[in-house]
Amino acid sequence: MPDLVLSDIRKDFGAFRAVDRVDLTFAHGELTALLGPSGCGKTTLLRMIAGLEEPSGGTIRLGETDLTGTPPHARKFGMVFQNFALFPHLNVADNVCYALTIAGTPTARARARAGELLDLVQLADFGQRRIGELSGGQRQRVAIARALAQEPEVFLLDEPMSALDAKLREEMQVELRLLQQRLKITTIVVTHDQREAMTMADRIVVMSQGRCEQVGSPQEIYHRPANGFVASFIGRANFMSGRVRNGAVQVAGWTLQAVPAPAFIDGSQVTLALRPEKARLGADLPVGNRLPATVTFLRDVGATRDIHLDTPAGPMVVEEVTDRGTGLHVGAQTQVYLPPDALHLFPAEPVAA
Ligand code: ATP
């Protein structure tokens with residue numbers, strides 16, 4: 001199956017640009033998550049891919065075929081949206097084979113296909129149930145089976161787990177991912193939940209204000225954020241301001257080595273980001289790259305503990321596994337070590353709250 005390619009896709013609502021010059025390739029069989037805060041344009045982008053929204057500019061191609069002006073029903077894309085929109089007056093099997101029946105598939109064949117799909121989503125014994133007699137997770141699986149009935153070339157899901165409680169959500173994320181891997185179907189999932197994106201996706205597209213901020217594997221996005229927005233939106237980060245001097249960074253009068261610093265022009269103002277679990281406290285710290293710190297708050301969250309610090313570079317949070325036991329208490333004076341290879345540097349910019 002060919003790749004799905006978006007080139008220079010834009011969407012304007014009056015004077016407001018909701019999607020801004022997006023170039024993306026969705027490789028066959030990959031699951032891509034469109035991730036970003038509310039209003040960043042994820043749904044609008046997905047709706048353009050589905051054909052439900054007309055782009056203001058750019059093209060959408062599946063291999064050699066230009067789909068930009070093709071209506072939704074002619075795209076052979078399967079869709080699952082936030083509220084599933086199942087037909088309450090039909091039973092489970094009829095919901096799944098509805099589109100096939102409407103398209104003129106003989107009843108016996110449509111029923112056989114519904115049976116296969118219900119088996120696939122582990123609802124083989126539920127065909128005769130009414131929709132009202134299903135749990136949220138079961139309804140979601142019916143919606144997935146229904147969307148897969150016509151063997152779509154691309155599978156589109158918009159916040160498919162949003163109606164489910166936290167535990168079921170996590171289970172369904174794994175189930176959906178396993179199903180998608182088994183079917184090897186190109187899939188695009190819109191979500192604002194980074195854990196959901198990290199759990200399911202081969203590739204994450206981080207969006208902000210209609211633009212793609214970074215495209216990469218979950219590991220790339222987390223360990224090598226492209227800018228301050230991505231570092232703050234994906235996972236947690238401590239931010240500091242500094243200035244590059246002689247290949248190192250001056251932060252509040254302290255000199256810190258950072259692996260990417262030599263790549264910056266001397267004198268440039270930078271933002272430093274550090275994941276809380278990368279900082280280290282206590283004895284036996286390496287020489288250099290330390291800041292004096294005072295413990296201001298301790299928050300035990302079970303397997304890990306957040307240690308809030310006051311440092312010359314500003315407040316900082318360090319995450320430690322609780323069995324490491326630093327023996328710190330509020331008010332304790334300590335030193336925090338900032339590993340040079342864990343300090344991400346970006347040109348100075350405002351970061352998302
Ligand atoms: P959420 O996670 O809240 O669903 P989103 O990232 O999916 O957000 P979109 O629904 O794509 O965001 O909306 C992007 C922007 O475009 C928003 O500012 C929204 O208000 C605006 N927008 C969306 N649809 C329309 C429309 N039909 N007319 C005018 N503005 C719109």
Take the Cβ-Cβ distance between residue 209 and residue 348 as r, set R0 to 22 Å, and report the resulting FRET efficiency rounded to the nearest 0.05. 0.70
Over region 122-196, what portion of Cα pair distances is larger than 15 Å, expressed as a whole percent? 56
Once every DSSP H run of n ≥ 4 in the chain is given -39500 (n - 2.57) and the sum is divided by its residues, what mean residue ellipticity at 222 nm do you get, rounded to the nearest 500 deg cm²/dmol? -7000 deg cm²/dmol
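Please compute, over every Cα-Cα pair in region 21-84, the percentage with a separation greater than 20 angstrom.
27
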Extending each Cα 7 Å along its Cβ direction at residue 73 and residue 277, get the distance between those two points in nm, one decimal. 4.9
Work out how far the C-alpha atoms of the chain reach from end to end along every principal axis, then list the three figures in whole Å, largest first. 76, 45, 33
Just rank 161, 198, fewest to most, by other beta-carbon atoms within 10 angstrom. 198, 161
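With +1 on each Lys and Arg Cβ and -1 on each Asp and Glu Cβ, and nothing else charged, work out how big the dipole of region 127-182 is about its Cα centre, in Debye to the nearest 20. Don't skip to the answer; put the middle values down first.
Values: 9 positive and 9 negative charges, 49 e Å.
In debye, rounded to 20, region 127-182 gives about 240.
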For region 228-236, just list the computed ³J(HN,Hα) in residue order, Karplus coefficients 6.51, -1.76 and 1.60, θ = phi - 60°, integers in Hz, with x standing in for Gly and Pro. x, 4, 5, 4, 8, 7, 9, x, 10
Out of residues 5 or more away from residue 57 or on other chains, whose amide H comes under 5 Å of its own, with H placed 1.01 Å from N in the peptide plane? 10
Quick check: residue separation of residue 5 and residue 252 times 0.36 nm, minus the Cα distance between them. What number comes out in nm? 84.3 nm
Can you tell me which lysines have their Cα less than 20 Å from the Cα of residue 11? Leave out same-chain residues fewer than eight positions away. 42
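If you average the sequence gap of Cα pairs under 8 Å that are 6 or more apart and divide by the length of region 39-139, what percent do you get for the contact order? Present the calculation step by step, with values, prior to reporting the outcome.
On the way: 80 pairs, mean separation 22.3, N = 101.
With pairs under 8 Å counted, the relative contact order is 22 percent.
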Once both label points are put 7 Å beyond Cα along the C-beta direction, the residue 265-residue 112 separation in nm becomes 6.9
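Could you put 266, 284, 158, 3 in order, starting from the residue whose Cβ has the fewest other Cβ atoms within 10 Å? Write down the numbers at each step before the final one.
Numbers: 266 11, 284 6, 158 20, 3 14.
Placing the least packed residue first, the sequence is 284, 266, 3, 158.
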Rounded to 0.05, the calculated FRET efficiency for the beta carbons of residue 103 and residue 163 at R₀ = 35 Å is 0.80
Roughly how many debye, to the nearest 20, is the charge dipole of the chain about its Cα centre, given +1 on each Lys and Arg Cβ, -1 on each Asp and Glu Cβ, and no other charges? 180
Under the Karplus relation with 6.51, -1.76 and 1.60 and θ = phi - 60°, whole-Hz ³J(HN,Hα) for region 332-342, x at Gly and Pro, equal 5, 8, 8, 10, 10, 9, 10, x, x, 7, 9
Please report how far the C-alpha centroid of region 264-282 lies from that of region 6-47, rounded to the nearest whole angstrom. 31
Once you place label points 7 Å from the Cα toward the Cβ at residue 329 and residue 285, how far apart are they in nm? 2.1
Roughly speaking, what is the centre-to-centre gap between region 149-196 and region 74-128 when only Cα atoms are used, to the nearest Å? 17
Residues 22, 215, 259, sorted so that the one with the fewest Cβ neighbours within 10 Å comes first: 259, 215, 22
Placing +1 on each Lys and Arg Cβ and -1 on each Asp and Glu Cβ in region 1-118, then taking the dipole about the Cα centre, the residue among 67, 15, 99 whose Cα reaches farthest towards the positive end is 99
Phi to ³J(HN,Hα) by Karplus 6.51 cos²θ - 1.76 cosθ + 1.60 over region 2-13, Hz, x for Gly, Pro: x, 6, 9, 10, 9, 10, 6, 6, 10, 9, 10, 10
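For residue 171 and residue 299, compute 0.36 nm times the residue count separating them, minus their Cα-Cα distance, and round to one decimal in nm.
Numbers: separation 128, 0.36 × 128 = 46.08 nm, distance 2.80 nm.
That pair, residue 171 and residue 299, stretches by 43.3 nm at full extension.
Where a number appears in this text, it was derived from the coordinates with a stated rule and is not lab data. Fair warning: this is a prediction, and the values are worked out from it, not measured in the lab. FYI the Cβ positions are ideal-geometry reconstructions off the backbone, even for glycines, and counts take in every protein chain you see.
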